[in-house]
């Protein structure tokens, strides 16, 4: 959606908010206002007629939801919202008010008016008891929507806590992953690691759009648990120079000195290829002694400036071309090492 469309929708939502406030001040809108534009809609007219006569709360619930849907189907979401909020204001004892405001919040969400939607989802959680409608908790729906719309990480942490506390059976493991991310945003590193541990131990570790989520979480947990970070080097060029020299002199002990002691990986570029037990279980750099390795003169630094690869050939191993992978450490929990560099792994074969 274009920025212009988004601004227009927010402007309409804001104008509607002003209208609601004005109508609330003069006692709200009546049936004639809602039906004025729908003279030919006999179904809506009949629903309003029944609604005005009906006194039973359960039957009124059915009529109110049908009227709201009818107004929305006519393309008048503004009148749907006004009808629902007017009813809530006039009938504070109605046990279904939380659900009616959920319809209001959903309408604002669909209008891309996130601040208004967030306001009503929060209002329901704070001021209205939970209801099961069609077997689903309205509070659970509010929490799920808030987590999708909210941009304040501190607020999201609160919603996650409530979700895990009140609806543990409805909380997939991926929520621990996103909670950990929120903790990272506010600088609560210990809580972030604990949330990552919960994610790793959960049954649901598939995160849509984050194919490396489990690996990233495990790396952060392992890195935080390691007390010795002696393999880190402040400057990338210094680290690469030391690795080059160790390869040139076939100094395996020195090469191991710069090998990351946690999370070091050895894998092919193509992740669909099988990784043999030989690669996984053997310290691959031992091949240095029987190889005549040639190191490229050019270091390939990624566009983000936080990763780099160094191509090497001539290893006594299939494939004989290895790319040494270097990355900048992302560990704000410890400012002394955050931003330093590590030799984090090896990719086998030519780049895809």
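Brief remarks follow.
- Per-residue Cβ neighbour rank within 10 angstrom, fewest leading, 321, 136, 85, 309: 136, 321, 309, 85
- For q = 0.13, 0.18, 0.21, 0.23 Å⁻¹, Debye-computed log10 I/I(0) when each Cα of segment 236-348 counts as one equal scatterer: -0.49, -0.95, -1.27, -1.49
- Each peptide in 234-244, 102-112, 117-127 receives the mean, over its residues, of other Cβ atoms within 10 Å, and ordering these scores from highest gives 102-112, 117-127, 234-244.
- Full extension of the chain between residue 351 and residue 49 yields a length gain of 101.6 nm, computed as 0.36 nm times the residue separation minus the alpha carbon distance.
- A crude spin-label estimate for the pair residue 292 and residue 203, with each label 7 Å from Cα along the Cβ direction, gives 5.7 nm.
- Kirkwood-Stokes translational diffusion coefficient of segment 151-225, alpha-carbon pairs, 20 °C, 1.002 mPa s, µm²/s: 174
- Fewest-first ordering of 351, 55 by other beta carbons within 10 Å of each residue's beta carbon gives 55, 351.
- Highest average first, the peptides 293-299, 194-200 ordered by how many other beta carbon atoms sit within 10 Å of their residues are 194-200, 293-299.
- Inter-site label distance for residue 106 and residue 123 at 7 Å from Cα along Cβ, in nm: 1.7
- Of the beta bridges in segment 236-348, as assigned by DSSP with both residues counted there, near 75 percent are antiparallel.
Any read-out appearing in this document is the output of simple, stated calculations on the displayed coordinates, not a laboratory observation. This structure is a prediction, so every number in the text was calculated from the model and none was measured. Here Cβ is always computed from backbone atoms with ideal geometry, including for glycine, and neighbour counts include all displayed protein chains.
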